[in-house]
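Asker: First, the structure itself, so that you have it in front of you.
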Amino acid sequence: MSGSELAPRIRDFVEQHCIPAESATLAHDIPGLDRVILELREKARAAGLLAPQVPRELGGLGLGWADCVPVFEEAGRSLLGPGALHCAPPDQPNIHLLDRHAKPAQRTRHLLPLAAGAVRSFFAMTEPAPGVGSDPAMVRTTATRVPGGWRLDGRKWFASGARGAAFGIVVARAEEGISLFFVEAGMPGLTLVRDIGTLDAFGIGGHTELLLEDCRVGEEALLGRLGQGLALIQQRLEPARLFHCMRYIGLASRAMQLAQDYCRERQFFDQPLAGHQLVQALVADAHIDLFAARQMTAHVARRFEAGEDIRHESSMLKVFVSEAVSRVADRALQLTGAHGVSEDGPISLITRELRPFRIYDGASEVHRAAIGRRAFHRNLRP
Ligand SMILES: Cc1cc2nc3c(=O)[nH]c(=O)nc-3n(C[C@H](O)[C@H](O)[C@H](O)COP(=O)(O)OP(=O)(O)OC[C@H]3O[C@@H](n4cnc5c(N)ncnc54)[C@H](O)[C@@H]3O)c2cc1C
């Protein structure tokens, strides 16, 4: 099935099931969100819509990257859509990474149940200062050789999805360099210290601070090769960013659709808000931003699917889309006045959900620095 065939079916599913299940009371309610997502996921499974991006041999619909563009946009229109359709982070990029690098036993133990949506996962790289943030080389968590495996020690935070996850992938520094290790829920030495309160509120499993203290893992816990961690992190990040762009275009587009509906109804003096040119200008700028964001996303997805090097384009895409969707949501909120600020509708929740995207998957400043550096080093034509 192609993306354009599947997208209307996803749109109907999101309209009928996901949007009606949205509620401001689910914000930061980690168990409540899990419950609602699991119910929706069963409906998506029954409708044959689960895991559009997951390869067929792992039980998904097997869409290519370019076909995912319209499908993920439709899923992304609801705060609950990506979770319901099993195309939400961190599981979605983790599945991508494990499919490429998990050893046969790791595939059976972790990848198969994850791809089927039977369990959840997390990815723990970031550490509180002075540990790793924007610069992945600053990892302080250690992996020390012990008989039969490794001992992990360190502190991680913002491990999205950790609460309720069956397993996670931890980034640690071994003698051979930065490496990735599986940890499993409930293992001795792994403590979920706290759920961090954040601006965004609909991430499945929240964002958690973790403590690794003499956490012993076996030889089989190593993902990929020792010292290969930075390359694997990069391989996980590029598709993660691309899919975030697809989903968030959907969310921003929904906010603006709601704002347009509001402006058609709401009167100001003798005519609807929609008749005022300053309102039309805000709407026009949102359409321009979304048009450009969609074209850029589709372009990068096609090139990624063709196996081309997209490092430069992916940085430009991430900066543009993360800032464009924030602008669109902010205009939608402005146009809907007090209603937009309230939690009676989803626009304030959408605005909060989109803002952190300018920080994770590489902050705008980090990507701009990389783009500028490449422009000079490679003497790129503007
Ligand atoms: C909602 C959310 C979910 C997240 N989920 C996960 C997760 O699942 N797993 C995980 O490991 N991490 C996760 N993170 C963490 C995320 O990866 C980091 O926030 C990101 O890497 C930036 O690191 P930092 O927050 O420590 O910022 P810092 O490195 O402290 O940077 C702070 C700011 O400094 C500026 N800056 C940094 N470097 C440069 C530079 N070279 N040039 C100019 N300016 C610069 C930027 O404005 C940046 O925002 C999540 C974060 C958020 C907000």
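Asker: Starting from segment 336-382, pick out the chymotrypsin sites (Phe, Trp or Tyr not before Pro) whose DSSP state is loop and whose Cβ has at most 11 other Cβ atoms within 10 Å.
Answerer: none
Asker: List the residues, sorted by chain then number, that are 5 or more residues from Trp157 or on another chain and whose placed amide H is less than 5 Å from its amide H.
Answerer: Those lying under 5 Å, H to H, from Trp157 are Thr126, Glu127, Leu210.
Asker: Continuing with this model, one more query. Working from the alpha-carbon coordinates of segment 230-377, get Rg over Rh, Rh being the Kirkwood radius.
Answerer: On the way: Rg = 17.3 Å, Rh = 16.4 Å.
Rg/Rh for segment 230-377 comes to 1.06.
Asker: Please give me, ordered by residue number, the trypsin sites (Lys or Arg not before Pro) of segment 64-143 that lie in loop per DSSP and have at most 16 other Cβ atoms within 10 Å.
Answerer: In loop regions of segment 64-143 (DSSP not H, G, I, E or B), the sparsely surrounded trypsin sites (Lys or Arg not before Pro) are Arg140.
Asker: Hey, another quick one. Among Val146, Val170, Val71, which one shows the highest mean-square fluctuation when the chain is modelled as a Gaussian network with alpha-carbon springs under 10 Å?
Answerer: Largest GNM mean-square fluctuation: Val146.
Asker: Considering only the other residues whose Cβ falls under 13 Å of the Cβ of Gly250, what net charge follows from Lys and Arg at +1 and Asp and Glu at -1?
Answerer: Computed value for this residue: +1.
Asker: Same structure, new question: Based on the Cα gyration tensor of the chain, what are the three equivalent ellipsoid semi-axes, each the root of five times an eigenvalue, rounded to whole Å and given largest first? Present the calculation step by step, with values, prior to reporting the outcome.
Answerer: Values: eigenvalues 256, 106, 84 Å².
Output for the chain: semi-axes of 36, 23, 20 Å.
Asker: So, one more: Report the antiparallel proportion of the DSSP beta bridges in the chain as a percent, rounded to a multiple of 5.
Answerer: Taking every DSSP beta bridge with both residues in the chain, the antiparallel ones total about 85 percent.
Asker: Right, something else. Does a label point 7 Å from the Cα of Val146, set along Cα-to-beta-carbon, have any residues of segment 167-208 with amide nitrogen under 12 Å, and which are they?
Answerer: Backbone N within reach: 188-190.
Asker: Could you pull out every residue, at least 5 positions away or on a different chain, whose amide H is within less than 5 Å of the one on Gly164? Hs are placed 1.01 Å off N in the peptide plane, and Pro or chain starts have none.
Answerer: The list, which skips near neighbours in sequence, is empty: none.
Asker: Right, here's the next one. For Glu308 and Thr198 in the same chain, what is the full-extension length gain: residue separation times 0.36 nm, less their Cα-Cα distance, in nm?
Answerer: Working: separation 110, 0.36 × 110 = 39.60 nm, distance 3.59 nm.
Length gained, Glu308 through Thr198: 36.0 nm.
Asker: In segment 186-232, what GluC sites (Glu not before Pro) fall in a loop by DSSP, with at most 12 other Cβ atoms inside 10 Å?
Answerer: none
Asker: OK, next. If the chain between Asp344 and Asp285 were fully stretched, how many nm would it gain, using 0.36 nm times the residue separation less the Cα-Cα distance?
Answerer: 18.7 nm
Asker: How do Asp270, Asp91 stack up against each other in accessible area, from largest to smallest, with a 1.4 angstrom probe? Don't skip to the end; give the middle numbers.
Answerer: Values: Asp270 130, Asp91 10 Å².
The most accessible residue leads, giving Asp270, Asp91.
Asker: Taking 0.36 nm per residue of separation and subtracting the Cα-Cα distance, what length does fully extending Glu213 through Asp12 add?
Answerer: Length difference between fully extended and current span is 67.6 nm.
Asker: Within segment 149-173, whose backbone N sits under 15 Å from a point 7 Å along Cα→Cβ of Val119?
Answerer: Within reach of a label on Val119, which here means backbone N under 15 Å from a point 7 Å along Cα→Cβ, segment 149-173 contributes 162-170.
Asker: Compare the peptides 191-201, 343-353, 316-326 by average per-residue count of other Cβ atoms within 10 angstrom and give them in order, highest first.
Answerer: Ranked by mean Cβ neighbours within 10 Å, highest first: 316-326, 343-353, 191-201.
Asker: Sticking with this structure for a sec: Where Lys and Arg each count +1 and Asp and Glu each count -1, what net charge lies around Gln16 among other residues with Cβ under 12 Å from its Cβ?
Answerer: Combined, the nearby Lys, Arg, Asp and Glu give +1.
Asker: For segment 316-382, which whole-number percentage of the solvent-accessible area (1.4 Å probe, protein heavy atoms only) is attributable to carbon and sulfur atoms?
Answerer: Numbers: 1960 of 3490 Å².
Heavy-atom surface of segment 316-382 belonging to carbon and sulfur, 1.4 Å probe: 56 percent.
Asker: Along the charge dipole of the chain, pointing to its positive end and built from +1/-1 on Cβ of Lys, Arg, Asp and Glu, which listed residue (Leu49, Gly275, Ile347) has its Cα farthest out?
Answerer: Positive-most Cα among the choices belongs to Leu49.
Asker: For Phe376 and Glu42, what is the calculated FRET efficiency with R₀ set at 45 Å and r taken between the beta-carbons, to the nearest 0.05? Display every interim value, and only then the final one.
Answerer: Values: r = 53 Å, r/R0 = 1.17.
The value I calculate is 0.30.
Asker: Also: Along Cα→Cβ, 7 Å out, is where each label goes; now give me the distance between the ones at Met187 and Thr25 in nm to one decimal.
Answerer: 3.8 nm
Asker: Divide the volume of the convex hull of the Cα atoms of segment 88-161 by its number of residues and quote the answer in cubic angstrom per residue. Intermediate values should be presented prior to the final figure.
Answerer: Details: hull volume 8.6 nm³, N = 74.
Cα-based convex hull of segment 88-161, divided per residue, equals 117 Å³.
Asker: Still on this structure, please answer the following. Would you tally the net charge around Ala201, using a Cβ to Cβ cut-off of less than 13 Å, leaving Ala201 out, and scoring K and R as +1, D and E as -1? Spell out each step's value before the answer.
Answerer: Numbers: positive: Arg352, Arg355; negative: Glu22, Asp29, Asp195, Asp200, Glu343, Glu353.
Once all neighbours under 13 Å are counted, the net charge is -4.
Asker: Also, quick follow-up: For a distance above 12 Å, tell me the whole-number percent of Cα pairs in segment 294-342 that qualify.
Answerer: The share of Cα pairs beyond 12 Å in segment 294-342 comes to 67 percent.
Asker: Another question, then. For the chain, calculate the relative contact order in percent as a whole number, restricting contacts to Cα pairs under 8 Å that are 6 or more residues apart.
Answerer: Answer for the chain is 15 percent.
The values are calculated or read from the model by the stated rules, or taken from the named source; none is laboratory data. This one's a predicted model, so the numbers in the text were calculated from it and none came from an experiment. Positions of Cβ are generated from backbone atoms using ideal geometry, with glycine treated the same way; all protein chains shown enter the neighbour counts. In case anyone asks, the SASA skips ligands and DNA or RNA and just uses the protein heavy atoms, side chains included. Shrake-Rupley method; radii C 1.70, N 1.55, O 1.52, S 1.80 Å.
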